Structure formats: structure tokens, C-alpha cells
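Before any comments, here is the structure.
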Amino acid sequence: MNCIKSIVVADDEPLQCEMLGQILNKIVPEAVVYTAKNGKEAYDFLENRQVDVLITDIRMPVMDGIELIRHASEEKPEVKIVLISAYKEFEYAREALKYRVVDYLLKPFRIEKVRDVMKDVNKMLEKELENSHQLRYYEKLEQLYQKNRQMEKLALLIKRKTAVEILDEKLYQSLAKPGTVMVLRWKKKTAESEGITELQQEKLLQSVHQICGGGYEIPQDKGIDVSEYRMALILPGITEQQAVDAMEKLLDELVFRRIIFWCGISGTCKNLVEEISRAVEEAEEMVSFSFFTRQSGGVFSWKLWNENLEMIPEPIANTENDIRVCIHNGNAEDALEKLHELEKKYRKKPYVAAYRLKHMISSMVMRIVRDIDGVLPTPDYDNLINEAYQSYGNCDSIEELFRISEELFQKEAAYYGQENGSSDVVQKIVTYIKMHYKEDLSLQNLAERAHFSTSYLSSRIKQRTGMTYSEYLMSLRMEEAVRLLLYTDRKVVDIVKDCGFNDSSYFNRIFRKRYNLSPEKYRKVHKHVEKNI
């Protein structure tokens, strides 16, 4: 009985009321059952709660059942009414049928009868719900159709792919007045990125609808981040300052719920229908300042921020030369300190245009990174450069911009340090493998630790040990396995785990291939020899 969510039982006899409540709890366990000792209490429930079924006695103090039924029938027609009656009151109860009573229960209550009545009531609710859904579905389809037609026309108008004449009279008149445009940006939470949840997004959009109820919403193309969402809002009759005040207040309210968004707001247009394309461009340029406020969100208006678009970042040639010297000496620490100084400088207001800063920093870093051409094998160099360009291409915050640059400088400094002998990273990695060979080691993780590519680190390990990484790791594990077999009485299955193997059958296969004996046989043969020696 999935449609019955709440039931009100009204009866001035406490024992009868409690008994019926217990029966209903067993028959419809998913429903909440409220009890009332008179018609007035039951009526209060109907006024203040969502009620599906009202089960009421006839004779009650304060407000009797007939009056309660009359009020419920007139004011809450969606509520299904079931009458409680004794045999002697049956004829009197028949009068109540004109008030939409759907069924009745005779005292004393029989569980089977109550169950049958509830099943019938649930079927009625199911049928009404189905009809209601169908009606709402077709109404919604029509609304969506009309709305989509409007949005398509506005989207074409914004992109200057159509003339004003395509708008119907009603839409044209709505837009032929002063107003402004907002571009709203937010990020959805994914496994790979931070953002807001589905519920938080619903709250955000709900709040925006309340503020901009008379406007038009047009979904925009996503940016470079797949978790990003954008929406343009065309707001007739709203000035730039009014939009700023409303959205700043909303951001202050939602940030406490960890709902972060960014909003770019155009200047006030004298006639939206004629200036809509330019206004959208202004709003999009303003929302680009979200590059600097990933953690806090922000509202950026044309009036206050448009001059920042023309600001040119200060030249950084001297900083670039200083970083290059540090990198070539394998000194990553000093290079990163100078990079962090740049980051601190450009994190502060007044912000420059995001695309200018991104181009300046990424170009500087790539010029320095290209110096390593010839130091690395060509495939490693090409991979490093390609990955760097891809990372910068996907970067959409100042934090990411400098994190990518930091990682590239660490890698380059590590390569130079290894080549000029100012540090022996490979020896440190080899020592680390010796100390941690029992753990779940991967070449990828070791390469990241060293800031090398996997192929470069692998070639250097082979140069140092005479073995590939996997061969060297296997030799360490096998040496330990042999030691434990000969000098302890531990079970083979325990030795397998202690040496970093997860699979006994795999260990046995590798051991037999290497020593031409099973671990048990090897122990038996060589331990005997050891004792004789």
C-alpha cells in the first residue's frame, strides 16, 4: 500500500482509537498514524499536515464526525474519508455518504475488514496519482515545448545567428526594455573534482529562480572542465546594481552551506532585445574572474571589473632568468620559492584578466622546460611537453596554474640534478626499494616520488643495478624468501606474504622457474646442506 503515507483516526473512545491504530500499523506499516480524541483535533491535523486517509467516528465531543466530514470534504477533497459506525448508528451514518465518504468500518473492528478497506483506498489513491501524473506530464510537455522554442530563439539571437524579427510579439515586448544579463557558473561534485552535490545544485537553482523569476534561462556551453555548468539569465527590468546586490546576498547565504558559485553580470542595457548579444559577452568576460576565487565563489560586475580586462601583467623576465639558473643547477627549492612569490603577487586584487596571466605563466614555464631537450631521451621529452600542454589547456584556476608549473619545475630540476651529479636521486630510489621491497611498490609511484618519467627511471635503475626495475624487485623478494626458508621454520604461505607476494601459486611458479625446485623441496635440500656445513 505504497500510496498511503499518513492516516488520521478520530474516536473519543481511547481503547477503540488505540486498537484501530495498532491494526493500521500492522496493515500499513509504512504509514504514519495520528490519533485524535475529537473532531476538532482531527481537523487540526488536516489543516497542518499532509493527510491521505481520515477514519472518523460519528459521535464525538467538541466537533462530531458529520461536521468533521463536511469540512474535510469541502476543504480537503483529496483526503479519503472512512466512517466508523456501530450497527445501531448505521442508518444515521448513511447520511454521511453524500460528503464523499468512500467506505465504513463497523465496531467491533475486524482486521480483515480493515485490510480490505485500506486496499480499496490505496487503489483509489494509485488511480488518482496515475491520472495526476499523466495530466502533469502533458502540461509539462507543452510548457517545455513553448519554453524551448523561446530559448532556441534567444540562443540564436545571443549568437547573432538570427534577426530580432524571429521573436514572437510577446517575447519581443518582454525584452524591449532596460535590463541586464547574468552568466551563472558552478561545478558539480564528481569523483575527480570538488563541487556541489545534486541537492546543493537544486538549492542553488531554486534560490536563483526566486531572485530572477521574471527572467529567461539559457543553458550555456560547458567550459574546459566537464564538471562545470553554465547558465545565462536574461533579466528584463533588472539593473546591474540590483543584480549585484541580489547575487552577493545569495552568495553570502549559500557559502555557509558550502554551495559555491560564480556570477558575471553585464552592464545595464537600455534595450535588452537590441543589446543582448553584447551583454552576454560582457557577463561571460566577468565570470572568467572565477579563475581567482575557486574556494570562495564570487560576483563580478561589468561596472567594477571591466577595466581589469585591459590590465597587463608586469614583465617577469628577471624572475624567469633566476628560475632558469636554479633549475639548471638542480636546485628545485629556490626555483619554487621564486614561483611562489609570483603566485602570491597575482592572487591579490586587482586581478588581471585570467587568460593573460595563464598565458604569461605557462609560456615562461614552457620556455624553461624546453631547455631540457637533449638531456632526456626524445620520447621522454616529447611526453613531458605534451602532458604539460594538456595540463595547461585544462587549467581553470590560479591554484592549478601554479601547481602544474611547480610539478614541471620539480621534474626538470630532478633531471638536471641527476645529469650534473648535484644529486643522486636514482641511488635514493634504489635504497628505497631495498627498504620497502615487501610493500606494494609500483614504478609509476616511484617515478612520481623522483619527479622522473617511468621510462627514464627504469633505464637509470637498470644502469645502476644491471637489472630492470621488475627484475631487481623480484631478486630482492626471492633473496628474502630463500633466507626465510633456510633459517626459519615459518610456513611457506607466511613467507609468501612477508616477501611482498599476494598469490602463493604465482610465488611457487616463479620460485620453481628460478631455482628448479619447489619452495618446500628447496628448503628440504638446502637446509640439510646448511646443517651439515
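The values are calculated or read from the model by the stated rules, or taken from the named source; none is laboratory data. In this text, all values refer to a predicted model and were calculated from it rather than measured experimentally. Counting neighbours? That spans all protein chains shown, and the Cβs are built from the backbone with ideal geometry, glycine included. What goes into the accessible areas is simple: the full protein's heavy atoms, side chains included, and nothing from ligands, DNA or RNA. Shrake-Rupley method; radii C 1.70, N 1.55, O 1.52, S 1.80 Å.
What does the extension gain come out to for residue 304 and residue 439, with contour length at 0.36 nm per residue minus their alpha carbon separation?
Full extension from residue 304 to residue 439 adds 43.0 nm.
Of 406, 194, the residue with the largest accessible area leads and the full order is 194, 406 (1.4 Å probe). Among the listed pairs 411/434; 76/203; 348/428; 187/358; 187/344, which are separated by more than 28 Å between their Cα atoms? 76/203; 348/428, as the Cα separations exceed 28 Å there.
For the chain, the solvent-accessible area with a 1.4 angstrom probe is 54 square angstrom per residue. For the residues 334, 440, 373, 103, a 1.4 Å probe over the protein chains yields an accessible-area ranking, largest first, of 440, 373, 334, 103.
Give, rounded to the nearest 20 debye, the magnitude of the charge dipole that the chain has about its Cα centre when Lys and Arg contribute +1 at Cβ and Asp and Glu contribute -1 at Cβ.
Roughly 2120 debye for the chain.
To put it simply, the accessible area of the chain at a 1.4 Å probe is 50 percent carbon and sulfur. With unit charges on the beta carbon (Lys/Arg positive, Asp/Glu negative), name the residue among 316, 53, 486 whose Cα is farthest towards the positive pole of the charge dipole of the chain. Final value for the positive-end residue is 486. Annotation for region 424-533: GluC sites (Glu not before Pro) lying in DSSP loop with at most 12 further Cβ atoms inside 10 Å of their Cβ are 439.
Among the listed options [x] 1.70; [y] 1.57; [z] 1.40, the one matching Cα Rg over 2.2 N^0.38 Å as calculated from these coordinates is [y].
Over the chain, dividing the summed -39,500 (n - 2.57) contributions of all DSSP H runs of at least 4 residues by the number of residues returns a 222 nm mean residue ellipticity of -19000 deg cm²/dmol.
Think of region 386-457 as a dipole: +1 on every Lys or Arg Cβ, -1 on every Asp or Glu Cβ, centred on the Cα centre; then among 456, 405, 435, 435 lies furthest on the positive end. With contacts taken as Cα pairs under 8 Å and at least 6 residues apart, the chain reaches a relative contact order of 8 percent.
With the simple model of a label 7 Å out from the Cα in the direction of the Cβ, residue 403 to residue 231 spans 2.7 nm.
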